[in-house]
Amino acid sequence: MLFCSHLADTTAASQSASGLKSAELTDKIIFYFVDHGLQILTAIAIMGIGLLLARWVGNLMQRWLTRKAFDEPVRILIVRVIKLLIIGFIGIMALGQMGIQITPLIAGIGVAGVGASLAMQGILGNLVAGLTIIFSKPFTIGEYIELLGVYGQVTEISLFSTKLLHADNSHVVVPNRKIVGEILHNYGKMRQLDLSVGIAYGTDLTVALLTVNDILQRNPRVLKEPLPVVGIAALGESFITLAIKPWVHVEDFVIGQAEIYQAVIETFREKKISIPGPRREVRMVNQSS
């Protein structure tokens with residue numbers, strides 16, 4: 001019974017102490033708001049004005065960058081950084097207005113920033129590489145590139161990764177730190193088809209070459225500049241190989257190849273231009289028993 005009574009007294013005392021602490025904390029909060037009420041309202045007003053100012057400056061900068069023909073990733077990055085700087089500066093002013101010591105806060109943010117940078121080296125590496133890509137512009141959106149064994153049309157350049165589109169509509173996401181410092185093949189926004197067709201040795205070469213050039217001129221996907229390359233590529237055992245190398249836009253690469261091959265076959269048939277298959281000459285030699 002004595003132990004239970006002592007335990008009850010201890011519990012009651014701890015509850016009483018806890019209640020006193022809660023009451024003291026509540027009183028401190030109330031006194032703080034009473035003493036700094038005007039300052040808190042001023043800080044809230046400053047933050048509201050800061051948000052409006054950040055939005056206005058961001059929109060103004062967005063229009064200016066658009067007129068200067070900056071790329072979209074660069075515009076987005078610059079506008080976001082400016083907004084964050086304005087909001088951060090206004091936020092520090094608001095905290096100072098509320099009576100909070102700013103110097104220890106800034107020092108704490110600096111220490112936390114160093115720790116975070118060590119913990120996120122990979123992410124920061126992608127960020128730095130993304131900034132390098134955005135400002136140095138080794139490639140832009142819409143261009144066809146190849147690197148690290150992957151290839152595709154660039155559809156998005158963000159701060160942390162670059163997205164490539166394959167001809168089969170699949171996507172490849174490449175971390176930006178894998179791009180910077182690597183050998184990169186940039187095809188630009190057009191590609192050269194590498195087609196070939198075989199014709200018989202007895203074919204009139206002038207007619208065959210003019211026919212191929214006419215096919216390319218009539219195809220709307222083939223670019224007028226640079227001029228297509230058409231000529232003899234190789235002399236085979238049973239036919240002459242013609243090289244057909246027109247330029248097309250990146251998005252027309254696959255369909256342009258199919259259309260040109262179909263037109264070559266149909267036109268050669270109409271003009272009686274033979275496309276021979278591989279031949280082998282076999283001689284049988286009789287041997288006496």
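The table below gives the values:
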| read-out | value |
| --- | --- |
| Inter-site label distance for Met284 and Thr155 at 7 Å from Cα along Cβ, in nm | 6.0 nm |
| Inter-site label distance for Ile76 and Leu131 at 7 Å from Cα along Cβ, in nm | 1.8 nm |
| Kirkwood-based shape ratio for the stretch 113-218, expressed as Rg/Rh from alpha carbons | 1.27 |
| Val285 - accessible surface, heavy atoms, 1.4 Å probe, Å² rounded to 10 | 120 Å² |
| Reach of Lys137 by Cα under 19 Å, taken over lysines that are not fewer than 8 positions away in the same chain | Lys68, Lys163, Lys178, Lys189 |
| Met61-Ile92 FRET efficiency (beta carbon distance; Förster radius 30 Å; 0.05 resolution) | 0.90 |
| Global size of the stretch 192-240 as Cα Rg and Dmax, reported in angstrom | 11.9, 35 |
| Hz values of 3J(HN,Hα) by residue in the stretch 55-69 - Karplus curve (6.51, -1.76, 1.60), Gly and Pro given as x | 5, 5, 5, x, 5, 4, 5, 4, 5, 5, 5, 5, 5, 7, 6 |
| Principal semi-axes in Å for the stretch 163-289 [√(5λ), Cα gyration tensor, largest first] | 38, 23, 13 |
| Net charge of neighbours whose Cβ lies under 15 Å from the Cβ of Gln192, counting Lys and Arg as +1 and Asp and Glu as -1 | -1 |
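The values are calculated or read from the model by the stated rules, or taken from the named source; none is laboratory data. Since we're looking at a predicted model, the values are computed, not measured. When we count neighbours, we look across all protein chains shown, and the Cβ atoms used for this are built from the backbone with ideal geometry, even at glycine. What goes into the accessible areas is simple: the full protein's heavy atoms, side chains included, and nothing from ligands, DNA or RNA. Shrake-Rupley method; radii C 1.70, N 1.55, O 1.52, S 1.80 Å.
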